[in-house]
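Coordinate-derived values only; no laboratory data. Treat the numbers as computed from the prediction; the structure is a model and nothing was measured. So basically every Cβ, Gly included, is an ideal-geometry build from the backbone, and we count neighbours across all protein chains shown.
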Amino acid sequence: MTNPEIISYVKDELQKGTDRQTITNSLISNGWSGQDIAEAFSGLTPIPTVGSITTNPVSTVNRIWTKVIPRTNIGFLIPCLLLVFGLNMMIALNDRSLREFWYIMLGVFAAFAVFFILENFVFKKLFANSQSDVDIWISTLVVLRNILVLLNVIPLIQLLGMLIGFYAVWVYVPLYIILIIIRFNQTRKVANVAGAI
């Protein structure tokens with residue numbers, strides 16, 4: 001029978017994000033036998049936890065990345081497309097002095113398209129099978145960004161959207177990048193722990 005002390009130690013270390021090899025080396029250096037260590041690892045549940053992120057080999061689907069963010073992006077994509085390539089383009093074609101605003105709208109739409117592709121295709125695949133506390137913050141930033149994009153493509157309100165966007169981008173972009181980096185790191189740690197079990 002495996003000593004409960006070693007099982008508790010192994011569980012605690014895995015939850016801290018320590019990889020299996022480091023835990024094994026530490027136990028060996030403290031006099032535990034290979035058989036005790038193997039039994040301790042085999043007696044654990046297969047759902048590791050690292051900080052605020054969890055993964056389940058049975059495949060827990062993350063609704064924020066598989067449903068909420070993609071649907072939010074699609075919901076904002078449709079009116080943006082209709083405005084930029086419908087109403088706004090007609091206005092720009094009829095009045096040359098307003099073409100500069102339309103070019104700005106195209107630039108804003110292009111930036112939105114980059115986020116759309118990253119979030120709906122790349123990040124969705126990477127984060128679909130794990131949960132994190134930062135996911136709700138990322139989804140909040142996605143909604144705020146999409147509202148700002150929409151403000152930038154609505155005629156007459158565009159100046160307000162540009163003004164807000166100019167100041168908000170200095171906060172939004174670094175915050176978004178930091179949260180995505182945190183999310184990547186958490187996912188990588190969980191993948192390392194899951195591979196060790």
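Just the ratio, please: alpha-carbon radius of gyration of the range 4-44 over 2.2 N^0.38 Å, N its number of residues.
Compactness ratio reported: 0.99.
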- Note on the structure: With the dipole of the range 4-44 defined by +1 on each Lys or Arg Cβ and -1 on each Asp or Glu Cβ, the option from W32, T22, I6 whose Cα lies farthest towards the positive pole is T22
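If you put +1 on each Lys and Arg Cβ and -1 on each Asp and Glu Cβ, how big is the dipole of the range 106-197 around its Cα centre, in Debye rounded to 20? Mind showing how you got there, number by number?
On the way: 6 positive and 3 negative charges, 46 e Å.
The calculation lands at about 220 debye.
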- Message: Angle check, please: helix 134-153 long axis (alpha carbons) against the longest principal axis of the chain (alpha carbons), in degrees 0 to 90, nearest 10.
- Response: 10
- Note on the structure: With +1 at each Lys and Arg Cβ and -1 at each Asp and Glu Cβ, the charge dipole magnitude of the chain around its Cα centre, to the nearest 20 debye, comes out at 600
- Compute the relative contact order of the chain as a whole-number percentage, counting only Cα pairs closer than 8 Å that sit 6 or more residues apart in sequence. 31
- Taking a temperature of 10 °C and a viscosity of 1.306 mPa s, what whole-number D in µm²/s does Stokes-Einstein yield for the range 83-197 with Rh from Kirkwood over alpha carbon pairs? 99
- Can you give the FRET efficiency for M90 and R188, using 1/(1 + (r/R0)^6), R0 = 45 Å, r = Cβ-Cβ distance, to the nearest 0.05? 0.40
- Message: Give me P(r) over the chain, computed from all C-alpha to C-alpha distances, binned every 10 Å, as integer percentages.
- Response: 8, 28, 22, 16, 12, 8, 5, 2, 0
